[in-house]
Amino acid sequence: MNLLIINGPNLNLVGKREPSIYGTQTLSDIQEELLTLASQIGAKLNFFQSNSEGDMIDCIQKSVGSIDGILINAGAYTHTSIALRDALLAVGIPYVEIHLSNIYSREEFRQKSFLSDKALGLVCGFGPYSYQLALHAIVNALKQI
């Protein structure tokens, strides 16, 4: 099972950026933990991070035919990008939306997602562990499809 994990703007700064909200683990730390988990549950992971909306869309489009599922933390684009939503819908690859923080306990503008209603599911509020929960969830869901 080939999975793509997409991280959007400013997630390259996780561990340094507002640690009281996003934690102290770096994106590399999170990815290493995911690789360990993936090897245990039979998944192959591909990672992509960009601060550019267009690059994220290109990555999604290029994944057709080689990726079975997507885990996406679109960062601020979650709340603003219809284009990112359209790309995910256009490729038809099942996806799970992820957030480190609980977006529903934060500012009102962060509580609207352009991605959630079409996602297999949403995992938020568990810090870096959100990624592990999402990985388990998508693997389980894809086995049932």
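The values are calculated or read from the model by the stated rules, or taken from the named source; none is laboratory data. These numbers come from a predicted model, not from an experiment. For neighbour counting, all protein chains shown are included, and Cβ atoms are generated from backbone atoms with ideal geometry for every residue, glycine included. Just the protein is used for accessible areas: all its heavy atoms, side chains included, with ligands, DNA and RNA removed. Shrake-Rupley method; radii C 1.70, N 1.55, O 1.52, S 1.80 Å.
Carbon and sulfur together cover what percent of the accessible area of region 1-118 at a 1.4 Å probe radius? For region 1-118, the apolar C and S fraction of the accessible surface comes to 49 percent.
Net charge of the neighbourhood of residue 119, taken over other residues with C-beta under 11 Å away and scored Lys/Arg +1, Asp/Glu -1, is 0.
Here the chain is assigned +1 on the Cβ of each Lys and Arg and -1 on the Cβ of each Asp and Glu. Its dipole about the Cα centre then comes out at about 140 debye.
Once you have the Kirkwood Rh of the chain from its Cα pairs, apply Stokes-Einstein at 10 °C and 1.306 mPa s and quote D in µm²/s. Walk me through the intermediate numbers first.
Values: Rh = 15.0 Å.
Answer, rounded: 106 µm²/s.
Of the peptides 36-44, 85-93, the ranking by mean beta-carbon count within 10 Å, highest at the top, reads 85-93, 36-44. A 1.4 Å probe run over the chain, with the rest of the protein chains in place, finds 48 Å² accessible per residue.
Each semi-axis of the equivalent ellipsoid for region 73-145 is √(5λ) with λ an eigenvalue of the Cα gyration tensor; in descending order they amount to 20, 17, 8 Å.
Considering only 24, 92, 4, and ranking their Cα positions along the charge dipole of the chain that arises from unit charges at the beta-carbon of Lys, Arg, Asp and Glu, the one farthest toward the positive end is 92.
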